[in-house]
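Below: the structure, in structure tokens.
Laboratory data are not the source of any read-out in this text; all were calculated from the coordinates shown. What you are looking at is a predicted structure, and each value in this text was computed from that prediction instead of being measured. Glycine also receives a Cβ, built like all others from the backbone with ideal geometry; neighbour counts cover every protein chain displayed.
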Amino acid sequence: MTVERSVSMPLGVVIERRALDNPWQKWRWRPVAVLPGAAVVQSWRELMRGEGWVRWHAATLPLELHRKETEAYRTNLSGRLPVIYVVLRKTAPSAATAGNEVKPFLVTASPYEAEGYLESGEEIVEGVAMPPVLLGWVQAFIDRHHVDEPFVKRKRKRDKGEEPTGGRSPGQGAPVLRRRGFDV
């Protein structure tokens, strides 16, 4: 019998480029949606266009769920709006990216993994609403694999040479504090 350690589903990533009125930055890129089960694209495919903005199916990336990360997925699903986190990386403009300076790098359902990419400051990390079909898929994975970890209180390690009584001599009670002539 084989143990299911992880599962994967392809997600199309929809990126929006919006014109900015800013002397230092011409465009704002952000993920706006994911498409469960989308076909692989070799280059960005334009989906919609409006005044000052364009949306592309920029890539299809695997959403992988791992059985050891079910607590993270539960945290995500317990929020007001469960999301799929999309990580974008800067890249040199090319024909494959329709001349844009970013590309999708990763999709994840784990807020903890997404937070790790935020720390570098190099990537753009945003959450997009999790479609209902993904919500059910992630919940079913959690139901199959989640195991509550029992809380175990760790014992405090003593410094070398420290007495087990917390530094007081045996037989000595708690220290008495004196303040303004009153015993506390």
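Below, the figures for the structure above:
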| quantity | calculated |
| --- | --- |
| Local net charge near VAL128, Cβ-Cβ under 14 Å (Lys/Arg +1, Asp/Glu -1) | 0 |
| Surrounding net charge for PRO93, when Lys and Arg each add one and Asp and Glu each subtract one, Cβ distance under 15 Å | +4 |
| Trypsin sites (Lys or Arg not before Pro) within region 45-137, DSSP loop, no more than 10 other Cβ atoms inside 10 Å | ARG80 |
| Projected label distance in nm at ARG28 and LEU135, using a 7 Å step from Cα toward the beta-carbon | 2.6 nm |
| 27 Å Cα-Cα reach of LYS26 towards lysines, excluding residues that sit fewer than 8 places from it in its own chain | LYS90, LYS103 |
| Karplus-derived 3J(HN,Hα), 6.51/-1.76/1.60, for each residue of region 38-45, Hz, glycine and proline x | 5, 6, 5, 10, 7, 9, 4, 10 |
| Extension reserve of the VAL41-ALA98 stretch, reckoned as 0.36 nm per residue once the Cα distance is removed | 19.3 nm |
| Label-to-label distance, nm, for residues given as THR91 and SER78 (7 Å Cα→Cβ offset) | 3.6 nm |
| Restricting region 1-85 to chymotrypsin sites (Phe, Trp or Tyr not before Pro) in coil, as DSSP defines it, with at most 15 other Cβ within 10 Å | TRP24 |
| Neighbour-limited loop hits for GluC sites (Glu not before Pro), region 1-83 (at most 15 other Cβ within 10 Å; DSSP other than H, G, I, E, B) | GLU4, GLU51 |
